[in-house]
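The values are calculated or read from the model by the stated rules, or taken from the named source; none is laboratory data. Keep in mind that this is a model prediction, so the values were computed, not measured. Cβ atoms come from the backbone with ideal geometry, glycine included; neighbour counts cover every protein chain shown. All accessible areas refer to the heavy atoms of the entire protein, side chains included, with ligands and DNA or RNA removed. Shrake-Rupley method; radii C 1.70, N 1.55, O 1.52, S 1.80 Å.
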Amino acid sequence: MTIALLRVRLRLPSRTLKEKRTIVKSVVERLRNRFNASVAEVDDLDSAGLATIAAVVVSNESRHADEQVQAIAAAIEEWRLDAEVLQVETELIDA
(Lines give C-alpha, C1' and ligand atoms only; values in the text may rest on other atoms or scores of the structure.)
Protein backbone atom coordinates (compact mmCIF):
# COMPACT_ATOMS: atom_id res chain seq x y z
CA MET A 1 0.00 0.00 0.00
CA THR A 2 1.28 3.46 -0.89
CA ILE A 3 0.14 6.78 0.50
CA ALA A 4 0.84 9.83 -1.66
CA LEU A 5 0.77 13.27 -0.06
CA LEU A 6 0.58 16.56 -1.92
CA ARG A 7 0.95 20.00 -0.32
CA VAL A 8 0.27 23.11 -2.41
CA ARG A 9 0.84 26.63 -1.08
CA LEU A 10 -1.11 29.37 -2.83
CA ARG A 11 -1.10 33.16 -2.77
CA LEU A 12 -4.73 34.22 -3.01
CA PRO A 13 -6.28 37.49 -4.22
CA SER A 14 -8.36 37.72 -1.03
CA ARG A 15 -8.23 40.54 1.49
CA THR A 16 -10.34 38.98 4.23
CA LEU A 17 -10.60 35.52 5.75
CA LYS A 18 -14.19 35.30 4.50
CA GLU A 19 -13.05 35.81 0.88
CA LYS A 20 -10.27 33.29 1.42
CA ARG A 21 -12.65 30.65 2.82
CA THR A 22 -14.85 31.00 -0.26
CA ILE A 23 -11.93 30.37 -2.61
CA VAL A 24 -10.40 27.54 -0.56
CA LYS A 25 -13.73 25.78 -0.03
CA SER A 26 -14.36 25.83 -3.78
CA VAL A 27 -10.94 24.36 -4.58
CA VAL A 28 -11.18 21.68 -1.88
CA GLU A 29 -14.64 20.54 -2.97
CA ARG A 30 -13.69 20.53 -6.63
CA LEU A 31 -10.62 18.37 -5.93
CA ARG A 32 -12.57 15.96 -3.74
CA ASN A 33 -15.21 15.47 -6.41
CA ARG A 34 -12.89 15.17 -9.37
CA PHE A 35 -10.19 12.97 -7.86
CA ASN A 36 -11.90 11.14 -4.97
CA ALA A 37 -9.04 12.18 -2.69
CA SER A 38 -8.90 13.42 0.88
CA VAL A 39 -8.35 17.17 0.65
CA ALA A 40 -8.14 19.86 3.33
CA GLU A 41 -6.66 23.25 4.10
CA VAL A 42 -3.79 22.44 6.47
CA ASP A 43 -1.75 25.60 7.05
CA ASP A 44 -1.87 29.40 6.84
CA LEU A 45 -5.33 29.28 8.39
CA ASP A 46 -5.20 32.83 9.79
CA SER A 47 -3.62 34.45 6.74
CA ALA A 48 -6.05 36.07 4.31
CA GLY A 49 -3.61 36.02 1.39
CA LEU A 50 -2.10 32.54 1.73
CA ALA A 51 -3.48 29.01 1.80
CA THR A 52 -1.88 25.59 2.04
CA ILE A 53 -3.97 22.72 0.74
CA ALA A 54 -3.07 19.05 1.20
CA ALA A 55 -4.38 16.08 -0.74
CA VAL A 56 -3.84 12.42 0.14
CA VAL A 57 -4.30 9.41 -2.13
CA VAL A 58 -4.05 5.75 -1.10
CA SER A 59 -3.30 3.09 -3.69
CA ASN A 60 -1.93 -0.42 -3.96
CA GLU A 61 0.65 0.80 -6.52
CA SER A 62 3.13 3.60 -5.88
CA ARG A 63 3.11 4.59 -9.56
CA HIS A 64 -0.66 5.08 -9.53
CA ALA A 65 -0.57 7.08 -6.30
CA ASP A 66 2.16 9.35 -7.69
CA GLU A 67 0.24 9.85 -10.95
CA GLN A 68 -2.85 10.86 -8.99
CA VAL A 69 -1.09 13.54 -6.90
CA GLN A 70 0.69 14.84 -10.00
CA ALA A 71 -2.69 15.11 -11.73
CA ILE A 72 -4.13 16.97 -8.73
CA ALA A 73 -1.19 19.41 -8.76
CA ALA A 74 -1.59 19.95 -12.50
CA ALA A 75 -5.32 20.58 -12.10
CA ILE A 76 -4.72 23.24 -9.46
CA GLU A 77 -2.19 24.98 -11.70
CA GLU A 78 -4.45 24.74 -14.79
CA TRP A 79 -7.64 26.03 -13.17
CA ARG A 80 -7.96 29.78 -13.45
CA LEU A 81 -8.03 30.50 -9.74
CA ASP A 82 -6.52 33.99 -9.83
CA ALA A 83 -4.09 32.46 -7.36
CA GLU A 84 -0.35 32.07 -7.63
CA VAL A 85 1.11 28.63 -6.86
CA LEU A 86 4.05 29.30 -4.57
CA GLN A 87 5.14 25.78 -3.66
CA VAL A 88 4.29 22.19 -4.52
CA GLU A 89 5.57 19.26 -2.43
CA THR A 90 4.87 15.57 -2.94
CA GLU A 91 5.77 12.61 -0.78
CA LEU A 92 5.25 8.88 -1.23
CA ILE A 93 4.98 6.71 1.87
CA ASP A 94 5.10 2.92 1.53
CA ALA A 95 3.12 1.32 4.31
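How far is helix 62-78 tilted, in degrees, relative to the longest principal axis of the Cα atoms in the chain, given as a value from 0 to 90 rounded to the nearest 10? Approximately 20 degrees, to the nearest 10.
Rounded to whole numbers, the Karplus 3J(HN,Hα) couplings from phi for the stretch 36-42 are 6, 10, 7, 9, 7, 7, 10 Hz, using 6.51 cos²θ - 1.76 cosθ + 1.60 with θ = phi - 60°, and x at Gly and Pro. Here the Karplus relation 6.51 cos²θ - 1.76 cosθ + 1.60, evaluated at θ = phi - 60°, turns the backbone of the stretch 84-95 into coupling constants of 9, 7, 8, 7, 10, 10, 10, 8, 10, 10, 8, 10 Hz, with x for every Gly and Pro.
Are there any GluC sites (Glu not before Pro) in the stretch 31-95 that are in a DSSP loop and have at most 15 other Cβ atoms within 10 Å? List them by number. Qualifying residues, ordered by number: Glu61.
Peptide packing: for 23-36, 47-60, the average count of neighbouring Cβ atoms within 10 Å per residue gives the ranking 47-60, 23-36, highest mean first.
Here the Karplus curve 6.51 cos²θ - 1.76 cosθ + 1.60, taken at θ = phi - 60°, turns the phi angles of the stretch 15-28 into couplings of 9, 10, 5, 5, 4, 4, 4, 4, 5, 5, 4, 4, 5, 4 Hz, with x standing for Gly and Pro. Give me the percent of accessible area attributable to carbon and sulfur for the chain, probe 1.4 angstrom. The computed percentage sits at 45. Here's the picture: a label point sits 7 Å out from the Cα of Ala48 along the beta-carbon direction, and within the stretch 2-17 the residues with their amide nitrogen under 12 Å of it are 13-17.
Each Lys and Arg adds +1 at its Cβ and each Asp and Glu adds -1 at its Cβ; summed about the Cα centre, the chain shows a dipole of about 480 debye.
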